Structure formats: C-alpha cells, structure tokens
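Since the structure comes first, as structure tokens, the remarks are kept for the end.
The values are calculated or read from the model by the stated rules, or taken from the named source; none is laboratory data. None of the values given here were measured: they were computed from a predicted structure. Glycine gets a Cβ as well: all are built from the backbone with ideal geometry, and neighbour counts include every protein chain shown.
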Amino acid sequence: MKLLIVEDEKALADSILHYLTRESFVCEVAGSYVSALEKIELYDYDCILLDISLPDGNGLQLLKELKANHKSDGVLIISARHSIEDKVSGLQLGADDYLAKPFHLSELKARVAAIIRRRHSAGNNVIRLEEIGIDTLARSVEVSGRPLDLTRKEYQLLLYFAYNKGRVVSKNAIAEHLWGDDTGAAASYDFIYTHIKNLRRKLIEAGSRDYIQSVYGMGYKFAL
Amino acid sequence: MKLFVKYSRVNIIASIGALLLGSIGYYFIVRYVLVHQLDDTLKIEEAEILDYVKTRDRLPEPANYRDQQIRFIPAETPVARQFVHTKGRGKGARHPDPDEPYRELLFSVRAGGQLYVVSVSKSEEETEDLLQLMMLITAGMILLLLGTLFLANRLLLRRIWQPFYQSLEGIRRFNLSSREPLPVTGTDIDEFRSLDEAARLMTLQILKDYEILKNFADNASHEMQTPLAIINSKLDLMIQDPGMEERHHRPIQSIYDAISRLRQLNQSLLLLTKIGNNQFVHTEQMDLAALIEEKLVQLEDMARDRHLVVRTDLDKLSLPVNGYLADILLNNLLLNAIRHNREGGHLDVRLRDGSLRISNSGAELSFDPATIFDRFTKGPHSAGTGLGLAIVRQICDNYRWPLVYAYEDGMHVMEIRFPLQNFDKIHH
C-alpha cells in the first residue's frame with residue numbers, strides 16, 4: 001500500500017510517517033504543493049493525506065488537479081481549520097474523508113485504513129485478526145466461524161482496535177472516536193472501561209484469546 | 001427633556017419677557033404722546049385766556065363744554081404753572097363723575113387787579129379708553145404671536161430634526177454581527193450631514209476593527225491546532241515505546257487531557273465567533289423531541305457512569321433551526337447537566353408548551369448565577385472549557401429565544417422558550 005503524506009509541518013509529517021510505516025504501508029512525504037503535484041503526477045497512491053494549508057498553495061487545488069487527471073487515489077484531508085465549509089467543499093471536490101487537527105495517530109490510521117478498505121474491498125470486506133473476523137460491510141463479527149453479538153459501541157471499539165492492532169491506543173483517542181469531540185475531556189473515562197470490559201468478556205466467552213491489554217493509566221492495546 | 005421642550009421653554013419665556021417689556025414701554029410712550037397732545041390743547045386754551053385777559057383786562061366767561069372745563073378761582077398768591085392729573089373735576093359737567101380722570105393746567109392770571117388761579121382741565125377718559133384699547137390689541141397680538149411661534153417651532157423642529165432622529169435610530173439599531181454600516185439619511189442640513197458622516201465613519205471603523213480582531217482570534221485559534229497536532233502525535237508515538245515505564249503513564253495521560261482541553265477550548269472559541277457572525281444560516285425544520293432522544297442515547301454512557309436517573313417528558317415540537325447548531329445546543333445543555341450533576345442525581349428533560357427545560361440536581365453554584373452564561377464562568381472543580389453555556393446563549397441569542405437559568409427546589413433549571421410563531425406544535 002502506497003501512501004503520500006502532503007504536510008508542510010515536518011515534525012507532524014514525521015510522526016505520521018513513523019506511525020503508518022510500521023504497517024504494510026509505504027509512505028512518502030511531500031512538504032510543499034509543488035513537490036506534491038510532482039509526485040501525484042508521477043505515481044499512483046492508495047491514499048493521500050492532504051493538508052489544506054500549504055506554504056505554496058492550497059491543498060484543495062491539489063485535489064482538483066487530482067480529479068482533473070482522473071486519478072483514483074483515496075484522499076484524506078487533514079486541516080487545521082475546523083470548519084464545516086472546508087469539510088463540505090473538500091468532500092464535494094472528491095475527498096474521501098476529513099480530519100481536523102489535532103488528531104490522534106490511531107484515529108488517522110483508522111481513517112486511512114477505512115479509505116483503503118473501501119477502495120480495495122472488491123470481494124473482500126473481512127478483516128482477520130487470528131480467530132476473529134470483522135465484516136465491515138455487514139458490520140458483523142464472528143469468532144472461529146461463530147457469530148458474535150456486539151453492541152454498536154463494542155463493534156466500533158473492536159474495529160478501532162483492529163485498525164490499530166499492536167499499538168497502544170490512548171483513552172482520549174478511544175473516547176473521541178466513540179463519543180465524538182464534544183464529549184472529550186470528560187472528568188472520568190470509566191464508561192470506556194465498561195465497554196472494553198464487556199467487549200473483552202464477550203470475545204473470551206466466544207472462544208477468542210484475550211488480546212485486549214490494559215496499559216495502566218493510559219490506554220489499551222490489542223496485542224496479537 | 002426633549003430638545004423641543006427645552007427650546008420652546010427658553011424661546012417662549014424670552015419672547016414673553018421681551019414682549020412684556022416692549023408692551024410696558026409702548027404703554028408709557030403712547031400715554032406720554034397722548035398726554036402731551038392733551039397738554040397741547042390745554043396750552044392753546046391757556047394762550048387764548050391769556051390773550052383775552054391781556055386785551056380786555058377781564059376774565060372770559062367760564063366755558064364748560066363737553067369734556068373741557070375752565071374755572072377761575074380768586075387767589076391771594078400766584079401758583080406755579082403746572083400740569084396735574086386729577087379726578088372728578090367735572091363739577092361743571094352735566095354728569096359729574098368723581099372718579100373720572102382729568103388733565104389739569106393751573107396757572108395764575110391778574111385781571112382787573114384781582115389775582116386768579118386758572119384751571120383748565122380736560123377729561124382724560126378718551127385717552128384712557130384709547131390706551132386701553134391699544135393695550136388690548138397689543139395683548140391679543142402677543143398671544144397670537146406666541147401661539148404661532150409655538151406651533152411653527154413645533155412643526156419646524158419636527159421636520160428639521162427628522163434626519164437627526166433617523167441617524168439616532170440607525171446608531172441605536174447598529175449591530176456588529178449584522179455587519180451593516182449606518183444608512184445614509186440624505187439630509188441637506190450641514191450639521192446633520194456631518195453628524196451622519198461622522199457616525200457612518202465611526203461605525204465603518206468599528207466594523208473594520210471588529211473584523212480584524214475576529215480574524216485575529218480566528219487565525220490564532222487555527223494556528224494553535226498544528227502545534228497541538230504535533231504534540232499529540234509525538235505522544236501517540238511515545239506510548240508505543242515498550243521501554244516506557246509505568247511512572248510515566250500518569251504524566252502522559254495528563255498531557256493528553258490538557259491537549260483535549262486546549263483543542264476543545266479552541267473549537268469552542270471558533271464556534272462562538274462563527275455563531276456570533278451568523279455563519280450558520282441554513283435552517284431546516286427539526287423535530288426537537290427526536291433530536292433530544294437521539295442526543296440522550298449518545299450521552300447515555302456518561303449518564304450511566306454517574307448513575308443518573310434520566311426522566312423525559314417530550315411533546316412533539318418542530319422548529320426551523322440549523323441542524324448543527326441544534327445539535328451543539330442540546331449537546332452542551334445535556335452534557336452540562338450530566339457533568340455537573342451529583343452521583344446518582346436526577347436529570348429531567350421536559351419539552352412542553354414551546355419551552356425546553358433541562359434540570360439537574362447538581363450542587364449549588366459557587367459563583368454568581370447571573371454570570372452562568374458568561375464565557376469562562378465555571379465552578380472550581382469543572383474540567384470543562386467554561387464555554388459550553390456561553391455557546392448555548394449565543395445560539396439562543398441568534399434565534400432570539402429567551403434563555404433563563406433558575407435554581408428551584410434543589411434543581412438547576414435551564415429553560416429555553418421558543419417563540420410561538422416559529423413552530424408548529426403537534427400534540428400527541
């Protein structure tokens with residue numbers, strides 16, 4: 001899988017690169033509008049992470065170029081402008097998703113994986129995690145072939161873990177993913193614990209091994 | 001005091017004063033002239049008598065006719081020639097009236113060796129009548145003048161000051177968020193035109209400054225997002241490090257929480273400005289009850305976490321509102337009621353008779369309830385941004401929905417009234 005990170009902020013581009021490369025992703029970084037334009041003309045990418053505000057141009061313009069050249073690269077806009085208008089115009093121009101800064105890398109990973117999955121899902125919409133299978137189209141889960149009944153939140157949680165398997169995911173990232181930005185910074189994250197506990201119990205009861213580890217005081221990790 | 005009242009008062013008092021003084025002066029001048037005329041007649045009479053005595057050395061026959069009497073009184077000593085005002089000298093007249101005013105000329109004359117005091121007197125009645133009539137006419141004129149003056153001023157002021165009132169109304173209606181400079185009144189009076197221009201320039205300047213300030217706040221908030229993204233991403237990488245020790249977990253969690261707060265703070269501030277700028281113009285008919293139910297489902301984890309008893313009493317209510325703002329409004333109100341509730345407390349949501357009441361059984365406020373909707377007002381232990389309710393108020397202000405807070409029977413009540421003309425109410 002080839003990714004292009006169009007981000008002029010080097011420290012941020014490095015973090016993204018670092019987090020995503022460990023997967024089967026091959027990432028390239030373009031720090032400016034010109035270099036990004038060069039790259040998208042030369043190569044095809046599975047997903048382009050596109051920062052809207054570049055020092056030498058607007059990311060949305062890049063998106064237009066992409067569509068004008070009938071490129072089918074997936075596009076995830078990452079923007080510092082938390083505005084609905086930007087989001088709407090980005091999506092109207094053909095972007096697949098929109099993520100506002102600041103974001104959690106685990107959230108970015110989940111979004112990128114979802115975009116790629118949607119684009120390459122022809123016939124295969126099941127994510128395999130050893131004995132666990134997640135059907136992203138039917139939104140169903142099975143363990144060793146037997147269906148597992150999960151609540152909506154538990155399903156979302158499992159999918160989030162699947163996209164970030166082997167990584168420590170912070171409680172803040174989980175809370176924001178499941179309950180949205182507005183509910184973040186809650187006084188306690190106990191309600192996350194409840195859902196994790198339930199998911200874990202259900203998986204174990206269905207015969208799965210215990211993959212969900214608690215990283216004391218900070219988050220959780222789905223360790224295969 | 002209105003300008004007109006003040007102006008009229010000064011004007012009329014001054015006019016009355018001037019007219020009064022003028023009338024008094026007029027009275028005396030006319031009186032002087034009339035008396036002088038009378039005196040002239042008396043002098044002619046005197047000259048005739050003196051002439052008569054001089055040529056004949058005897059007194060003429062005392063002749064009383066009409067309003068003029070001549071009397072000769074034998075005297076020991078001569079009197080100084082003088083004019084006097086007397087009364088009731090009409091003894092020789094057919095109808096003597098003791099009060100009738102007379103002008104009298106006294107002088108001495110020697111005739112046939114005898115000294116006489118001659119009194120020539122003439123009734124002043126006619127003069128007085130004339131004076132009275134003249135004064136009456138004058139008074140009438142004064143009243144007429146004052147009346148006309150008053151009415152004319154009133155009309156004139158009303159009309160002339162019209163542009164002033166227009167400008168005033170424009171300034172009063174001036175609203176930063178509507179971004180409309182003052183309308184031009186188009187007056188041809190220089191003073192008002194310059195007032196108008198000055199006010200227009202001022203409001204334009206205010207709008208410009210406001211725009212700069214707003215953009216600054218906007219840009220500052222946006223610029224902060226990238227460094228925050230960097231911090232957040234570096235933390236996300238750090239926690240992957242297997243070499244990290246457990247004692248580092250807590251500080252890292254604190255940093256995460258702080259980033260979350262900063263991000264929310266930024267977003268809330270941006271949202272406030274946007275709502276204030278009326279940037280959410282798109283409205284659609286929203287079913288508020290359904291929206292509340294949906295929101296409660298979204299927040300049920302948080303409510304359950306605090307063991308809250310949630311009670312709802314929802315009438316169907318549909319009203320035109322921006323979907324995003326309606327979501328934010330309900331989110332902030334409900335989240336506020338959950339967060340600041342006590343463990344195992346109550347959360348009541350009531351939507352009835354065009355009013356939404358959200359009550360929670362949280363502890364009493366530690367700050368002035370009047371400031372509850374102000375920016376950055378929050379209790380000492382609140383982890384919130386202090387902007388949630390400020391956003392609620394901003395939204396309500398935009399839609400002109402009255403929003404009130406009350407503390408009733410141990411419950412904090414937030415109530416929004418939706419104006420009747422704005423919604424169609426359907427009872428169950």
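Table for the structure above
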{"read-out": "Residue A:167 vs. criteria farther than 29 Å from residue B:268 by Cβ, crowded, with 19+ Cβ neighbours inside 10 Å and of a type in the set (Lys, Arg)", "value": "yes"}
{"read-out": "Condition met for residue A:35 (surrounded by fewer than 21 Cβ atoms within 10 Å (Cβ to Cβ) and part of a helix (DSSP H, G or I))", "value": "yes"}
{"read-out": "Positions within segment A:65-99 being in contact (Cβ under 8 Å) with a residue 24 or more places away in the chain and within 26 Å of residue B:281 (Cβ to Cβ), in sequence order", "value": "A:77, A:79, A:80, A:81, A:86, A:89, A:90, A:93, A:94, A:95"}
{"read-out": "Residues (without any contact (Cβ under 8 Å) to a residue 40 or more places away in the chain and part of a loop (DSSP other than H, G, I, E, B)) located in segment B:255-305", "value": "B:279, B:283, B:299"}
{"read-out": "Residue count, segment B:224-245 (criterion: without any contact (Cβ under 8 Å) to a residue 40 or more places away in the chain, more than 7 Å from chain A (Cβ to nearest Cβ), surrounded by 13 or more Cβ atoms within 10 Å (Cβ to Cβ) and out of contact with any Ser or Thr (no Cβ under 9 Å at 6 or more places or on another chain))", "value": "4"}
{"read-out": "Filtered residues of segment B:292-324 (kept if within 11 Å of chain A (Cβ to nearest Cβ) and farther than 22 Å from residue B:379 by Cβ)", "value": "B:295, B:297, B:298, B:300, B:301, B:304, B:322, B:323, B:324"}
{"read-out": "Answer residue from segment B:401-428, given it is in contact with a helix residue (DSSP H, G or I) (Cβ under 9 Å, 6 or more places away or on another chain) and assigned to a loop (DSSP other than H, G, I, E, B) and is modelled with the lowest pLDDT among those", "value": "B:423"}
{"read-out": "Residues located in segment B:354-393, provided they are assigned to a loop (DSSP other than H, G, I, E, B) and in contact (Cβ under 8 Å) with a residue 40 or more places away in the chain", "value": "B:354, B:361, B:362, B:364, B:365, B:375, B:382, B:383, B:384, B:385, B:387"}
{"read-out": "Out of B:288, B:272, sole residue that is away from chain A (no Cβ under 11 Å) and modelled with pLDDT of 90 or more", "value": "B:288"}
{"read-out": "Residue that is in a helix (DSSP H, G or I) and over 25 Å from residue B:390 (Cβ atoms), where the choices are B:231, B:328", "value": "B:231"}
{"read-out": "The listed residue being within 14 Å of chain B (Cβ to nearest Cβ) and over 21 Å from residue A:159 (Cα atoms), out of A:52, A:40", "value": "A:52"}
{"read-out": "Qualifying positions in segment A:69-89 - at pLDDT below 85 and among the small types (Gly, Ala, Ser)", "value": "A:72, A:80, A:83, A:89"}
{"read-out": "Qualifying residue in segment B:193-216 (condition: charged (D, E, K, R), surrounded by 17 or more Cβ atoms within 10 Å (Cβ to Cβ), within 14 Å of chain A (Cβ to nearest Cβ) and assigned to a helix (DSSP H, G or I))", "value": "no"}
{"read-out": "Every pair of residues 6+ apart whose Cβ atoms lie under 6 Å, when the first sits in segment A:202-224 and is within 11 Å of chain B (Cβ to nearest Cβ) and under 27 Å from residue B:253 (Cβ atoms) while the second is among the acidic types (Asp, Glu) and part of a helix (DSSP H, G or I)", "value": "A:216/B:246"}
{"read-out": "Residue count, segment B:333-353 (criterion: more than 16 Å from residue B:314 (Cβ to Cβ), among the charged types (D, E, K, R) and either in a loop (DSSP other than H, G, I, E, B) or touching a Ser or Thr at 6+ places or on another chain (Cβ under 7 Å) (or both))", "value": "2"}
{"read-out": "All positions within segment A:125-164 that are surrounded by fewer than 21 Cβ atoms within 10 Å (Cβ to Cβ) and in a strand (DSSP E or B)", "value": "A:126, A:127, A:128, A:129, A:133, A:135, A:140, A:142, A:143, A:146, A:147"}
{"read-out": "Residues satisfying the stated conditions in segment A:90-112, i.e. in a helix (DSSP H, G or I) and within 12 Å of another protein chain (Cβ to nearest Cβ)", "value": "A:105, A:106, A:107, A:108, A:109"}
{"read-out": "Residue list for segment B:150-178, filter: free of Cβ contacts under 8 Å to residues at least 60 places away in the same chain, assigned to a helix (DSSP H, G or I) and under 30 Å from residue B:211 (Cβ atoms)", "value": "B:163, B:164, B:165, B:166, B:167, B:168, B:169, B:170, B:171, B:172, B:173, B:176"}
{"read-out": "Residues of segment A:7-25 satisfying the condition of being surrounded by fewer than 16 Cβ atoms within 10 Å (Cβ to Cβ) and either part of a helix (DSSP H, G or I) or in contact with a Leu (Cβ under 7 Å, 6 or more places away or on another chain) (or both)", "value": "A:10, A:11, A:21"}
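Table: residues versus (1) outside any loop (DSSP other than H, G, I, E, B); (2) within 60 Å of the chain's Cα centre (by Cα); (3) among the polar types (S, T, N, Q).
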{"position": "B:34", "(1), (2), (3)": "yes, yes, no"}
{"position": "B:38", "(1), (2), (3)": "yes, no, no"}
{"position": "B:41", "(1), (2), (3)": "yes, no, yes"}
{"position": "B:45", "(1), (2), (3)": "yes, no, no"}
{"position": "B:48", "(1), (2), (3)": "yes, no, no"}
{"position": "B:52", "(1), (2), (3)": "yes, no, no"}
{"position": "B:55", "(1), (2), (3)": "yes, no, yes"}
{"position": "B:58", "(1), (2), (3)": "no, no, no"}
{"position": "B:73", "(1), (2), (3)": "yes, no, no"}
